[in-house]
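See structure below.
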Amino acid sequence: MYTLTILALSWQHILIVAIILLLLFGGKKIPELMRGMGSGIKEFKDAIKEEDKPETKTTENNPSNNNSNSNL
(Lines give C-alpha, C1' and ligand atoms only; values in the text may rest on other atoms or scores of the structure.)
Protein backbone atom coordinates (compact mmCIF):
# COMPACT_ATOMS: atom_id res chain seq x y z
CA MET A 1 0.00 0.00 0.00
CA TYR A 2 2.86 2.37 0.73
CA THR A 3 4.51 1.74 -2.64
CA LEU A 4 1.63 3.39 -4.48
CA THR A 5 1.94 6.58 -2.47
CA ILE A 6 5.66 6.78 -3.18
CA LEU A 7 5.05 6.87 -6.93
CA ALA A 8 2.41 9.61 -6.72
CA LEU A 9 3.65 13.09 -7.63
CA SER A 10 1.87 16.20 -6.47
CA TRP A 11 2.13 19.63 -8.07
CA GLN A 12 4.67 20.64 -5.42
CA HIS A 13 7.00 17.81 -6.45
CA ILE A 14 6.71 18.73 -10.11
CA LEU A 15 7.42 22.39 -9.29
CA ILE A 16 10.54 21.48 -7.32
CA VAL A 17 11.82 19.29 -10.16
CA ALA A 18 11.13 22.08 -12.68
CA ILE A 19 13.05 24.62 -10.57
CA ILE A 20 16.01 22.24 -10.22
CA LEU A 21 16.05 21.62 -13.98
CA LEU A 22 15.92 25.36 -14.63
CA LEU A 23 18.86 25.93 -12.30
CA LEU A 24 20.92 23.10 -13.78
CA PHE A 25 20.37 23.70 -17.48
CA GLY A 26 19.26 27.32 -17.75
CA GLY A 27 16.34 28.80 -19.63
CA LYS A 28 17.91 28.51 -23.10
CA LYS A 29 18.88 24.84 -22.91
CA ILE A 30 15.54 23.42 -21.73
CA PRO A 31 13.65 24.03 -25.03
CA GLU A 32 16.53 22.42 -26.94
CA LEU A 33 16.45 19.40 -24.63
CA MET A 34 12.68 19.03 -24.96
CA ARG A 35 12.88 19.38 -28.76
CA GLY A 36 15.53 16.66 -28.87
CA MET A 37 13.47 14.40 -26.64
CA GLY A 38 10.39 14.97 -28.80
CA SER A 39 12.22 14.10 -32.01
CA GLY A 40 13.66 11.01 -30.36
CA ILE A 41 10.21 9.85 -29.31
CA LYS A 42 8.89 10.52 -32.83
CA GLU A 43 11.69 8.45 -34.39
CA PHE A 44 11.02 5.65 -31.92
CA LYS A 45 7.31 5.60 -32.80
CA ASP A 46 8.11 5.60 -36.52
CA ALA A 47 10.49 2.68 -36.06
CA ILE A 48 7.84 0.71 -34.21
CA LYS A 49 5.30 1.41 -36.95
CA GLU A 50 7.75 0.24 -39.63
CA GLU A 51 8.27 -3.06 -37.81
CA ASP A 52 4.52 -3.64 -37.64
CA LYS A 53 4.05 -3.30 -41.40
CA PRO A 54 4.00 -6.63 -43.25
CA GLU A 55 6.90 -7.08 -45.64
CA THR A 56 6.10 -7.65 -49.30
CA LYS A 57 8.33 -9.91 -51.31
CA THR A 58 9.12 -8.25 -54.62
CA THR A 59 11.31 -11.07 -55.90
CA GLU A 60 8.37 -13.44 -56.36
CA ASN A 61 6.26 -10.89 -58.22
CA ASN A 62 9.06 -9.47 -60.35
CA PRO A 63 9.11 -11.21 -63.76
CA SER A 64 12.47 -9.68 -64.74
CA ASN A 65 14.21 -11.69 -62.01
CA ASN A 66 12.79 -14.94 -63.35
CA ASN A 67 13.94 -14.20 -66.90
CA SER A 68 17.47 -13.29 -65.84
CA ASN A 69 17.86 -16.61 -63.98
CA SER A 70 16.80 -18.64 -67.02
CA ASN A 71 19.61 -17.13 -69.13
CA LEU A 72 22.25 -18.72 -66.88
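The values are calculated or read from the model by the stated rules, or taken from the named source; none is laboratory data. No experiment lies behind these values; they were computed from the predicted model shown. Glycine also receives a Cβ, built like all others from the backbone with ideal geometry; neighbour counts cover every protein chain displayed.
At-a-glance table
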quantity	calculated
Cross-chain or 6+ apart pairs with Cβ under 7 Å, the stretch 23-39 first and of a type in the set (A, V, I, L, M) and surrounded by 10 or more Cβ atoms within 10 Å (Cβ to Cβ), then modelled with pLDDT under 90 and assigned to a helix (DSSP H, G or I)	Ile30/Leu21; Ile30/Leu22; Leu33/Phe25
Sole exception among (1) among the small types (Gly, Ala, Ser); (2) modelled with pLDDT under 70; (3) within 25 Å of the chain's Cα centre (by Cα) for Ser68, by number	(3)
Members of the stretch 17-42 that are charged (D, E, K, R) and part of a loop (DSSP other than H, G, I, E, B)	Lys28
